[in-house]
Amino acid sequence: MTFYQELQLSSVASKQLIKATEDKKERYRHILIYNFKVYLVMAFCVAVVSLYSHFTGNNNSVVGVTVLLAVLVLRQADFGIRTTHGLASIVGIFGILIAGPKLSNMVSPIPAFFINIVCILLLMILGCHNVIMYNHSTFVLGYLLLQGYDVTGQEYLYRVAGLLVGMVLCMAIFYKNQKNRPYRRSFLDLFREFDISSARNRWYIRLSLVVSSAMLFMSLLGLPRAMWAGIASMSVCLPFPDDCKERAGKRAAFNIVGCLLFVILYLVLPESMYPYIGMIGGIGVGYSAGYAWQTAFNTFGALSIASGLFGMPYAVALRIGANVFGAVYTMACNKILPRLAAVFEQRREQVSE
């Protein structure tokens, strides 16, 4: 395996390779490459976000995060349709990212709830036909981040410009990497094939309802960072309900672990180091092969920003509360919604008879 090929491996694959290598010299080589990859990815992420912050403003750094995540996914993933039609999906996705979060922030919580349902459902249809690729976790996450970090006036115009640049970049990378895929299905087939009785489309609807309603409840309670509950719900609401229980437990437990680690760093480090806690979390995510520790380290960046706005104790309490609520609420919905769907289906069959 070449140096470049090793750089393409995931954290799980790299760790498996290191563990399976018996030759000490080769093992040290794999370890060095793995460490180099972690810091290379971190440096690339910081560079992209910093570049976006420089040109679009610090309040739009989330645009850099959204574009970066999209680029990393579209390097390898596809939409299950012709590549040229996949470009139309990218345009649709970024159009929703530009308009949806802004519209939902311009209205009261209940109208915002319906806007979120429509936008998230469209993101699922456009970007997640192949559920195994988990494209939704990128595009819906981007939507929630943009909604949670809203901007107005000139900053919003910069946000639109930044997303449009990101859209063109994603289209170029996607076409270059996917142009030889032999799909016959078209863009319109994504909508023609929508069937409420299919497991995939029911998951689309379930996730859209659960994420949107979780944020609605947070907003009605007057709590900030409603997106945290939405992100937790999205993370737990998996295509296969049997997998949700384990994911919910990890989401709740390791979010608390991450918050405790953040508190320790916050109390130990000098105030001048607070802006770098998010970067420490990013490095931790790079070394994490599993969902649990990735969840723990992902809390660092969010809490770094929130602590400056609300104070550390309130930010930590809010983060834990939003994530535990999101995980528990999603588990409840995963049990209730299928039963309601079954009752609805039964009644529809009775009417048709």
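Brief remarks on what is shown
- Rounded to the nearest 20 debye, the dipole size of the chain about its Cα centre is 500 debye, using +1 on the Cβ of Lys and Arg and -1 on the Cβ of Asp and Glu.
- Inter-centroid distance (Cα atoms) of region 286-340 relative to region 214-261, Å: 5
- Sorted peptide list for 21-30, 61-70, 149-158, 303-312, criterion being average Cβ within 10 angstrom, highest first: 61-70, 303-312, 149-158, 21-30
- The residue list Leu51, Leu69, Ser10 was ranked by how far each Cα lies along the charge dipole of region 1-87 toward its positive end, using unit charges on Cβ atoms, and Ser10 comes out on top.
- Separation of region 36-98 from region 162-180 is 9 Å, based on Cα centroids.
- Other-chain or far-sequence residues with amide H under 5 Å of Tyr183's (modelled H): Thr83
- Computed with a 1.4 Å probe over protein heavy atoms only, the accessible surface of the chain comes to 50 Å² per residue.
- Cβ charges +1 (Lys, Arg) and -1 (Asp, Glu), total dipole of region 245-353, debye: 220
- Note: relative contact order over region 231-333, using C-alpha pairs below 8 Å and six or more positions apart, is 41 percent.
- Helix-derived mean residue ellipticity, 222 nm - over the chain, DSSP H n ≥ 4, -39500 (n - 2.57), to 500: -26500 deg cm²/dmol
- Think of the chain as a dipole: +1 on every Lys or Arg Cβ, -1 on every Asp or Glu Cβ, centred on the Cα centre; then among Leu123, Ala99, Ile256, Leu123 lies furthest on the positive end.
- Sequentially through region 141-153, phi angles give Karplus couplings (6.51, -1.76, 1.60; θ = phi - 60°) of 4, x, 4, 5, 5, 5, 6, x, 10, 6, 9, 9, x Hz, Gly and Pro residues having no value and appearing as x.
- Evaluating 6.51 cos²θ - 1.76 cosθ + 1.60 at θ = phi - 60° for every residue in region 99-108, the Karplus couplings come out as 8, x, x, 5, 4, 5, 7, 8, 10, 6 Hz, glycine and proline recorded as x.
- Only one residue of Phe297, Val268, Pro239 has its Cα farthest out toward the positive end of the dipole of region 197-353, where Lys and Arg carry +1 and Asp and Glu -1 on Cβ, and that residue is Pro239.
The values are calculated or read from the model by the stated rules, or taken from the named source; none is laboratory data. All of these numbers come straight from a predicted model, not from anything done at the bench. With ideal geometry, Cβ positions are generated from the backbone for all residues, glycine too; neighbour counts draw on all protein chains shown. Quick note on the areas: whole protein, heavy atoms, side chains included, nothing else; ligands and nucleic acids left out. Shrake-Rupley method; radii C 1.70, N 1.55, O 1.52, S 1.80 Å.
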